[in-house]
Structure formats: C-alpha cells, structure tokens
Amino acid sequence: MEWARILAYITGTVDQELLLRNEYLAAENRILKAQLQGRLRLSDAERMTLGEIGHRLGRKALSEVVDTILKWYRRLVAQIRWIVRSSSLG
C-alpha cells in the first residue's frame with residue numbers, strides 16, 4: 001500500500017503545480033490585456049489555435065475562461081461547414 005500513498009502524493013503535487021501555473025497565466029493575461037489599447041488583433045491561425053484548444057477544454061470550462069474563444073470556435077466551425085458546402089456544390 002506504500003505505492004498508493006506515494007502515487008497520491010505525486011499526483012497532488014502535480015495538480016497543485018498545474019493550478020498555480022494556470023493561475024499565473026490567467027493573471028498575466030489580465031495584466032497584459034489591461035495594457036493594450038483597442039482590440040487585440042489575432043491572425044486566423046491564432047484564432048484557430050485558440051478555438052481548437054478551447055474546444056478540447058470543453059464548453060463549460062471554456063465559458064468560465066473566455067467567452068470570446070468559444071465565439072471564435074463557432075465561427076471556425078461555421079466557416080468549415082460553409083467551405084464544405086461550397087465545395088460540394090461546385
């Protein structure tokens with residue numbers, strides 16, 4: 001049973017580190033966004049990357065993080081559907 005105790009300790013330590021990293025990155029993002037003037041302009045590739053990661057994160061967690069990423073993902077899916085429909089018509 002000693003291995004179970006060691007595994008629980010390691011898992012808890014890793015989880016705590018991930019939570020702290022996430023908290024740091026969220027705070028850093030808030031600070032950097034506050035320093036920006038105007039809207040943040042992202043390329044299509046950057047929006048696609050954030051949309052894909054946001055999709056893997058899940059709708060509920062994503063809505064808690066940033067609603068904008070969910071909107072980008074919806075637009076991405078709509079664009080893909082439009083491209084697929086357009087290519088099948090032509």
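The values are calculated or read from the model by the stated rules, or taken from the named source; none is laboratory data. Just so you know, these numbers come straight off a predicted model, no measurement behind them. Don't worry about glycine lacking a Cβ; one is built from the backbone with ideal geometry, like all the others, and counts go over all protein chains shown.
A few comments on the model shown:
- Residue tally, condition assigned to a loop (DSSP other than H, G, I, E, B) and within 29 Å of residue 78 (Cβ to Cβ), over the range 1-60: 8
- Near pairs, Cβ below 7 angstrom, 6+ apart or cross-chain, from the range 69-90 (surrounded by 10 or more Cβ atoms within 10 Å (Cβ to Cβ) and among the hydroxyl-bearing types (Ser, Thr, Tyr)) to any residue that is assigned to a helix (DSSP H, G or I) and at pLDDT below 75: none
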